[in-house]
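Following: one structure in structure tokens, then a few remarks.
No value in this document is a laboratory result; all are computed from the given coordinates. Note that the structure is predicted; figures quoted are calculated from it, not measured. Backbone-built Cβ (ideal geometry, glycine too); neighbour counts: all protein chains shown.
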Amino acid sequence: DEADLMFSFGYEDDMREMCAMLPATYQAMLVSATLSEEVEQLKGLMLHKPVLLKLEEPRVTGKLSQFYFVCKKGDKYLILYTLLKLQLVQGKKLIFVKNIDNAYRLKIFLERFSINSAVLNAQLPHGSRQNIIEAFNQSVIDLLIATD
């Protein structure tokens, strides 16, 4: 990873020595976010008949909207409830909150009004996080409450 930094951090001689010790047949992969001159040099040194995979960010189709409201702390839940009940926000919703306590507090508030949601945070086991994300992607859950 970060192949572009190998030469710039002064590892060029080490890389050349390492390549000289490699067997005649080996599999290698270089990963870099940029295609700099250093990456090209490293590619020439280490790879034979390389295949370049260029990944690009998908373009937003105009279906993604972001909302930000400045309001008094005591009005946040009321404003969110109003937006959701009046269906002013369509489709899946992702709400970021400051911490885990606020996430569960919001989830409980929404459940009192029959608004289904799930909480996603780093303290959940990996399998639970995967299940929540899968449920969100499959529209089983339309509202995801996440922490930073």
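How many residues are surrounded by 14 or more Cβ atoms within 10 Å (Cβ to Cβ) and either in contact (Cβ under 8 Å) with a residue 40 or more places away in the chain or not hydroxyl-bearing (Ser, Thr, Tyr) (or both) when one looks only at region 106-148?
Of the residues in that region, 23 qualify.
From (1) surrounded by 10 or more Cβ atoms within 10 Å (Cβ to Cβ); (2) of a type outside the set (D, E, K, R); (3) within 18 Å of the chain's Cα centre (by Cα); (4) part of a helix (DSSP H, G or I), pick out the condition that doesn't hold for TYR81.
Going through the list (1) surrounded by 10 or more Cβ atoms within 10 Å (Cβ to Cβ); (2) of a type outside the set (D, E, K, R); (3) within 18 Å of the chain's Cα centre (by Cα); (4) part of a helix (DSSP H, G or I), TYR81 breaks only (3).
What's the number of the condition LYS98 fails, among (1) touching a residue at least 40 places away in the same chain (Cβ under 8 Å); (2) on the phi > 0 side of the Ramachandran plot; (3) not hydrophobic (A, V, I, L, M, F, W, C)?
Going through the list (1) touching a residue at least 40 places away in the same chain (Cβ under 8 Å); (2) on the phi > 0 side of the Ramachandran plot; (3) not hydrophobic (A, V, I, L, M, F, W, C), LYS98 breaks only (2).
Name, by its number, the condition in (1) assigned to a loop (DSSP other than H, G, I, E, B); (2) under 30 Å from ILE141 (Cα atoms); (3) of a type in the set (Gly, Ala, Ser) that does not hold for ALA103.
For ALA103, the failing item is (1).
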